[in-house]
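Report on one structure; see the data block that follows.
No value in this document is a laboratory result; all are computed from the given coordinates. A quick note: this is a predicted structure, and the numbers were derived from the prediction, not measured. Here Cβ is always computed from backbone atoms with ideal geometry, including for glycine, and neighbour counts include all displayed protein chains.
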Amino acid sequence: MCLFPLSDDNSDRRIMPVVNYALLAMNVFVFVVFQGLGQNEKFTLEYACVPREIIEGHDIPMPAREIVEPRTGQRILIPSPPPTPIPVYLTILTAMFMHGGLMHLAGNMLFLWIFGDNLEDAMGHARYFIFYLLGGVLATLCHVFFNVSGAGALVPSLGASGAISAVLGGYLLLFPQRRVRVLLFRMITDVPAIVAIGMWFVFQLIEGLGLLGGDSLGGGVAYAAHIGGFVAGLALVKPFMIGVQSGRQSFE
């Protein structure tokens, strides 16, 4: 992607985004402590979300197997996952707080850091927290829907990308003209959010139409979850704003 966000305008922020800070801390804590910086494979496999298991409602014993990453041709060994110690449906939530590697975590947390605080400021703490979780759940269900069968059905998926995509959708609808500082073709400049986030979404659509895979231990990217989360954010943000008292007459 030729455009990469670096920061946005927070000059009118009224409240400290404690929920966004807590979400950032929780994601980092799970990756560092429970996932052992990505080295605790057993924990990661236990609490990642497997699409076919969500459809059938129970663990599916799977032998170790090799898959081929469609875009690169890289062969990746997926070990046999241990039994899930919780009801499989709860992995929809637990997978939202795990990541496949340090760069996966860093990229997601950067987007959450830049865009999440403004949405929390607009909605309030409690509504933002519910919005984030609901957006992530809907994003994961979208990923499950597009991976009912085929190679992706049994590949564990994980990551906060779906929930953060919902945040991006909500941000775009509320703050389309908010200035976002981006790295664009090796140049740092400011563009409206509708350009920064719009280009991100177009990239998801282009890539997703060719491959609706998942943020997974097989190295795929959750384009279905990204698109589903973004659409969920667009659909949910205005209902979540009903009754919110704001000192501003409009959201730009």
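Numerical summary
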item	result
Label point at L37 placed 7 Å out along Cα→Cβ; residues across the stretch 98-127 whose backbone nitrogen lies under 14 Å	101-103
Added length on full extension, which subtracts the Cα-Cα distance from 0.36 nm per residue, A235 to S149	28.2 nm
Contour excess over end-to-end distance, with Cα ends at I86 and L183 and 0.36 nm allotted per residue	30.7 nm
Peptide ranges 156-162, 106-112 listed from the most packed, as the mean C-beta count within 10 angstrom indicates	156-162, 106-112
Rounded FRET efficiency, nearest 0.05, which uses the C-beta distance separating L6 from I55 and R0 of 35 Å	0.30
